[in-house]
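The structure appears right after this line, and notes come after that.
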Amino acid sequence: MASKRALVRELARTAWDAAVEDGSTEATARSLGRAADALRASPRMRQVMLHPGLTASRKAALLGLVVKLDGQSSALLESLIERRAIGETGRVRRAFDALLAARAEQALVRVWAAAPLSRAETAALTSVLERSLGRSVRLRVVASRALLGGLRVQVGERIIDGTIKGAFDRLERHLMTPPRLTRRAGARRARAMA
């Protein structure tokens, strides 16, 4: 939906400009991340954000009670609520992170793991990715039990799936795909049947 994408870019850019002006880009990124994570993890919180009986400022204040929000994030979330686009919080967060990474000339890397990574694991992964990519990285880690184990890494449009779920999915596709016979294999099979 083009209008949603345009809204996401507009809101991320507006929040970015305000955060740059007051020197709070990192704090805003962390705050926006906490809000997106809370909304993704809690169906009840999403219901509250859609409740017609509460004003946008009240909804933003309630979200602020659950997660620590800075001024820029609070204003951004209020704007998303007013526009009935609170479901776009994750996309706005990713757009804001992309702006932050571009400013720092970093590669934006998203990682999905079956469980939260420890600080040592995050540092080791960051080091490996920086050596591999040849530049510093801005790492965003998301825990997802559905992966069962392993990591899924996205750098730009490239995705490397090293998860157990990904391996099972590939195995299932392989087993469900009928074998292709080459001409030579087909001829051997025909001779064997004769």
**Study point:** In the stretch 68-85, residue farthest from residue 34 (Cα to Cα) [restricted to those that are of a type in the set (A, V, I, L, M) and either open to solvent by 20 Å² or more (accessible area, probe 1.4 Å) or without any contact (Cβ under 8 Å) to a residue 24 or more places away in the chain (or both)]
**Key:** 75
Exercise for review: Give me the pairs, please: first residue somewhere in the stretch 1-23 and on the phi < 0 side of the Ramachandran plot and outside any helix (DSSP H, G or I), second residue anywhere and at pLDDT below 90 and surrounded by fewer than 13 Cβ atoms within 10 Å (Cβ to Cβ), beta-carbon distance under 8 Å, and either six or more positions apart or on two chains.
Suggested key: none
Check your understanding: When the residues of the stretch 133-151 are filtered to those that are within 15 Å of residue 36 (Cβ to Cβ) and either in contact with a Leu (Cβ under 8 Å, 6 or more places away or on another chain) or hydrophobic (A, V, I, L, M, F, W, C) (or both), which remaining residue is least open to solvent (accessible area, probe 1.4 Å)?
Key -> 142
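When the stretch 108-121 is examined, which residues are found to be under 18 Å from residue 26 (Cα atoms) and either crowded, with 18+ Cβ neighbours inside 10 Å or over 16 Å from the mean Cα position of the chain (by Cα) (or both)?
Within the stretch 108-121, 108, 109 qualify.
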Check your understanding: Counting only residues that are without any contact (Cβ under 8 Å) to a residue 24 or more places away in the chain, open to solvent by less than 60 Å² (accessible area, probe 1.4 Å) and not β-branched (Val, Ile, Thr), how many does the stretch 43-52 have?
Key -> 1
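The values are calculated or read from the model by the stated rules, or taken from the named source; none is laboratory data. Here the structure is a predicted model, which is why all the values come from computation and not from measurement. Note: ideal-geometry Cβ built from the backbone for every residue, glycine included; neighbour counts use all protein chains shown. Quick note on the areas: whole protein, heavy atoms, side chains included, nothing else; ligands and nucleic acids left out. Shrake-Rupley method; radii C 1.70, N 1.55, O 1.52, S 1.80 Å.
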